[in-house]
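Each remark here refers to the structure printed beneath this line.
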Amino acid sequence: MTPETLDTLKLCGIVILLAPLAGAILAGALGPRLLRSHAHWPAILGVGAAFAGAVVIFTQMRGVTEGATTALLPVYDWISIGTNSIFRVEFLIDPLTSVMLLTVTGVSLLVVIYSRDYMREHDHPERGYERFFAFLALFVFSMCALVLGGNFLLLYLGWEAVGLCSYLLIGFYYGRPAAAAAAKKAFLVNRVGDFGFGLGIFLIYLTFGTLEYGAVFELVQQGLTGTGQALSDGRITTIALLLLCGACGKSAQLPLHVWLPDAMEGPSPVSALIHAATMVTAGVYMIARCGAIFTASATAMTVVAVIGSVTALFAATIALTQTDMKRILAYSTISQLGYMVLGVGVYAADSAVFHLFTHAFFKALLFLGAGSVMHAMGGIIDVRQFGGLKRILPWTFRTFVIGSLALAGFPLLSGFFSKDEIIHHALQAHPILGIMGLVTALLTAFYTFRMVFLAFAGPERIPEGVHAHESGKWMLAPLFVLSIGAIGAGYLGVAGKPFHTFLAPVFEHTFTAANPAAHGAAHGAAEAAHPSFWAHYGLMILSGALSIIGIAAAYVLYVQQNWIPGLVKATFPRVHKMFHNKYFVDEIYDAGLVSPARNAGRVCVGLDDYLIDGLVWLATAIPRAFGYLVRTFQSGLLQGYGLSMVAGIAVVVVWVLWA
Amino acid sequence: MTLDALTQLGPEFMLLIGACIVLIVGATAASQRVQWASPVALVVVLLAILATWRLGVPEGDTSIPGLWLTPLTYYVRWITLGIGALVILANWHQPSESERGEYMAMILFSLLGVLLTASANDLVVLFFTIELVSIPTYVLIALSRQDARAAESSVKYFFLGAMSAAILAYGLSFLYGAAGTTTIQTVGSGLSVAGHVTGAPVSSTALVGWLLIFAGLAFKVAAVPLHVYVADVYEGAASPITGMLGFVPKLAGFIALIKIFAAFDWTLPQSVFWLVWIVAAVTMTVGNTLALIQRNVKRMLAYSSVAHTGYMLVALLVGPVAGEGPMRDGVAALLFYVAIYGTMNLGAFAALTAFKTGQRAVETLDDIAGLAARAPIAALGLAVCAFSLMGFPPTAGFLGKLYVFGSAFSLGESHPFHQAVIALAIIGVINSAIGAAYYLRIVSTIYVRAEDAPAAPASGRPVRWCLAVCSIAMLILFAWPSQLASQARSATVALHATPTRYHAVSEDPDAANDTSPDDFDPGH
């Protein structure tokens, strides 16, 4: 890359960070008094500038035809003394960063625009309007910092900052106990993951003596520690598993998935942006970024793949029985994130990132569509309370169906291509995991269209006292844009695969080089060059068929013969109860962890009230007694002070001279 | 002494002349509609900052008798004048109008004292400059509010301060007697303390001198056991001037300590090392535990100021360029920390001032309960400053503590007491955790507890500006600390011309051999 390119990249990186930050500060500082109902403008402009920066970075990266496609750009020394720089604020810009930035800022921009109308009631801004936009812009800043950061320290700071924004936004309606509890739950569960993540980074620093990506990955690939000794398998596996622990928390993978469904208490745009399209994919991004570390340990990769596929299937089964639209979508997000984790676990990081990219479009679309329904229904989102909204919300319905088709993997929409790739790689690596992926695909199609039919098909039913109306243009425009993405994004991954070619240099030395399946394929190179029709398209046809079967089954069960679900429920009450109650994971955690912790807390409070307070009283009693003692000898306070000072000095002088 | 040499003292002269002008302006206050004393004082400080910037870094200029202008002077000018400008903002409306001229002039004189302390190269000059810092503060406390308590705390502070000045002067005279010179630069060679050069141990006379000087300065920096005045004085004085009391005498005291330690070439007997060690450990612990049981926020912050003195003593004990790694300079850590401490402490007191309703001062935890609802921005500022005092990221207080304790941890194994210093740093880290408890109580009281007596805040704009600058500075310095840190680092250059560390120099060469250098027993 030429120096001019590097300068442009650096400038764009700075704009991407500072513009949303400035937007957040302006919205927060000027919002309450000055901007009031215009508080969305700083956020829109800030995020818009960030998106422009991301586009420029992308075009610059596309223009790089030869040489390295990775740029490490030092911005400034964060902590430096003299000439020694300890930690540096630096950007790492490569195709992966570029794709992530485009996704994050693009979806963010649409969501911020959508929120302008969503956060209003009859064109009056809701309470905390400016707070909402300030937090949203702050989130964009944090997420971009996470993605742009060139070392693990910045990754960690961004990681914690997005967690904080997520906490603040889940608890946006902090007056509602459910929202406050959900925010607390998200915070605590993420703390578990982040604890492991922090330990992992600490271990990286201890092992390699640096936190800079390039330096760490190079040492890993050479199999050396920072002091030049051989790197043991155990150490690298431990690091990878600790990092994975952080990814499980942030990306809501088993067993730390419990916070994400509850996080739907936040406003719908937040669910769309943070809990579907961007923040929750940070875990996948991190594993892809740290490919060198993960691929160095076959054990860790297997664990990653298993966690991903199990989570995908597990969450899909729960989604079958939920009735809250946003919760169905939340479980489907967990399930789709499971696909992405499975993708990186089977060495198909490019496919995982591709799925991340397409998923951002259709899942954000679905959440915003659900938000539009919720807006029209006066805050009600339970599909048992309304139905047949097709005619009342025509545009929401159409875009929602497009999103659902993409999510269900309907042939030739974006989700179809990206999901198919992951299943393809999974079948090659671990056939069982691949089959689990296929079953999940069937379930996905079924539960998605169960939701669509319950909400939009059938006779019109709306809750009493609700004046249902289609959303305004600020809300519909983002839906249209996202629909185009949900339809078309997948074509970047077929016909010459421009998306994968663009990403290829990032994973060249990590996932691609370490992939055992690729080595096997190299033997059959001749066969690979001329694959038979079934080897090439067989899986595609199969998964497309599964998707259609799932949709058809949902149609039969929920539109034509809608007595069947009741029968099934009555026939298999235990299974239904298990799915409906999410495998009782919350209850198990509550009985196994939360209650004991709470009881321990009560014991501590008791100890504090009696034992510690008693000790404190005792501890203060001694100086107090001493004070009384001194006071009886002294006529006034001042002399007492003076005497104690002189006496103290005299003792010290004597001690030092004769000790 | 030429005119050229005098221009090197531009900032100092500006403060001196400015203080006189402010006195005159203040005297005409009765006939004026606009109160000019505070704006003029602010302009004077800003001009002095401008002069500091124009003059640049002095490179060890000794052409003015009694003074030695070094990068330390430059650094201290910047932080003193910068925080001084904030102090003036915080005190903008503080005393009654007829006394504001005197009040502002006293602030300027006190700042002038700090600047000269940083340049002092003579024991007598050092004594005078330290007193120039202290004497105006006695007046400031008395003037700060019309209240019997203010007068009482002023008198208390004055008598105890006078006593500490006497002890300091006594100690300096011992040192002069031992060294035969009053020039600080040559005190070291006069004492022949550099044991590795001449082999001669420190004489008892010099040692007594050192102890008395340390005691006198320990009073200024509020180290245990000379901290007894702190809580009463802080409680008695008005909040905005308390913010200054936590910084200005402490900075002057630590600069003087650094100079005296440097005069001894950072080479002192083992017993002295343990003395400072114990004082540091006890200062942190006593300050934090006493702060923990206070209900009066000002007393709480007063004892927290004692605790912070303890952290700074850790860095002082580490000394310059001891050990290895980029954080090895304890003195730079100290100078870095004191600037951050001054800002965040002033911010906390400015917030208390901003919360003031009418004439009723905000003092106890009950007074600040639920204030976030009434003054959200001021509450946020106080929260940032409290987090910074706690040492939490993303505030500069975190980096300050990191640097101070990091300097202790990076002490190399060649240092005879490195284990003891690391133990001290661990005590410091534990103390920071204890300290978090009472700072968090302030924050939670503001945000969580219901308000008892809702009323509109009635403080002026300048104090809000002061609070805003302090809290924003804490955030910006976290993101961008390198400028301040590297200035602090270069300020110590003149202080370690020779490789420095504590040598286990003992009075009796045989006794030194008896004790292992790594001995943890504080009895030695």
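Structure above, values below:
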{"read-out": "Residues residue A:480 and residue A:545, FRET efficiency given R0 of 45 Å [Cβ-Cβ distance, rounded to 0.05]", "value": "0.90"}
{"read-out": "Full-extension gain in nm, residue A:29 to residue A:230, via 0.36 nm per residue minus C-alpha separation", "value": "67.0 nm"}
{"read-out": "For region B:267-510: Kirkwood Rh in Å [reciprocal of mean 1/r, alpha carbons]", "value": "18.8 Å"}
{"read-out": "About the Cα centre, charge dipole magnitude for region B:267-510 (Lys/Arg +1, Asp/Glu -1 at Cβ), debye", "value": "940 debye"}
{"read-out": "Mean Cα-pair separation over length for chain A, i.e. relative contact order, pairs under 8 Å, 6 or more apart, %", "value": "11 percent"}
{"read-out": "Charged-residue dipole, Cβ positions (Lys, Arg, Asp, Glu), chain B about Cα centre, Debye nearest 20", "value": "1680 debye"}
{"read-out": "For residue B:364, distant residues with modelled amide H under 5 Å away", "value": "B:297"}
{"read-out": "Label-point separation in nm, residue A:563 to residue A:594, each point 7 Å along Cα→Cβ", "value": "4.0 nm"}
{"read-out": "Dipole-positive endmost among B:221, B:272, B:257 within region B:203-299 (Cβ charges, Cα centre)", "value": "B:221"}
{"read-out": "Chain B: relative contact order in percent, alpha carbon pairs under 8 Å with at least 6 residues between", "value": "16 percent"}
{"read-out": "Total lysine pairs whose alpha carbons fall under 19 Å of each other in region B:209-356 (8 or more apart, or interchain)", "value": "6"}
{"read-out": "Label point distance in nm, residue B:46-residue A:576, each placed 7 Å from Cα along Cα→Cβ", "value": "7.6 nm"}
{"read-out": "In region B:50-153, the GluC sites (Glu not before Pro) that fall in loop regions by DSSP, at most 15 other Cβ within 10 Å", "value": "B:59"}
{"read-out": "Inter-label distance, nm, simple model (7 Å from Cα along the C-beta direction), residue A:654/residue A:585", "value": "7.0 nm"}
{"read-out": "Cβ-derived FRET efficiency at R0 22 Å, residue A:68 paired with residue A:302, nearest 0.05", "value": "0.10"}
{"read-out": "Chain B: angle of helix B:37-55 to the longest principal axis, Cα-based, in degrees nearest 10", "value": "40 degrees"}
{"read-out": "Protection proxy ranking of B:7-17, B:176-186, A:121-131, B:134-144 - average other beta-carbon atoms within 10 Å, highest first", "value": "B:134-144, B:7-17, B:176-186, A:121-131"}
{"read-out": "Charge dipole magnitude, Cβ of K and R +1, D and E -1 - the protein assembly as shown, Cα centre, debye nearest 20", "value": "3220 debye"}
{"read-out": "Mean ellipticity per residue at 222 nm, deg cm²/dmol - from DSSP H runs of n ≥ 4 across chain A, formula -39500 (n - 2.57)", "value": "-23500 deg cm²/dmol"}
{"read-out": "Viscosity 0.890 mPa s, temperature 25 °C, Stokes-Einstein D of the protein assembly as shown from Kirkwood C-alpha radius, µm²/s", "value": "74 µm²/s"}
{"read-out": "For chain B, the longest site-free run once trypsin sites (Lys or Arg not before Pro) in DSSP loop states with at most 16 other Cβ atoms within 10 Å are removed", "value": "B:34-294"}
{"read-out": "Chain A: angle of helix A:129-148 to the longest principal axis, Cα-based, in degrees nearest 10", "value": "90 degrees"}
{"read-out": "Residue A:76 long-range amide H proximity, modeled H, under 5 Å", "value": "A:89"}
{"read-out": "Inverse of mean 1/r across different Cα pairs in chain B, Kirkwood, Å", "value": "23.0 Å"}
{"read-out": "Within region A:382-471, trypsin sites (Lys or Arg not before Pro) in DSSP loop having at most 14 other beta-carbon neighbours inside 10 Å", "value": "A:384, A:391"}
{"read-out": "Förster radius 41 Å - calculated FRET efficiency between residue B:278 and residue B:59 (Cβ-Cβ, nearest 0.05)", "value": "0.60"}
{"read-out": "Additional length obtainable on full extension of the chain from residue B:483 to residue B:124, 0.36 nm per residue less Cα span", "value": "125.9 nm"}
{"read-out": "Extension reserve of the residue A:210-residue A:553 stretch, reckoned as 0.36 nm per residue once the Cα distance is removed", "value": "118.0 nm"}
{"read-out": "Cα long-axis angle, helix A:325-345 against chain A (0 to 90 degrees, to the nearest 10)", "value": "90 degrees"}
{"read-out": "Amide proton proximity set for residue B:60, modelled H, under 5 Å, gap of 5+", "value": "B:70"}
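Laboratory data are not the source of any read-out in this text; all were calculated from the coordinates shown. These figures come from a predicted structure and were not determined experimentally. As a convention, Cβ positions derive from the backbone with ideal geometry for all residues, glycine included, and neighbour counts pool all protein chains shown.
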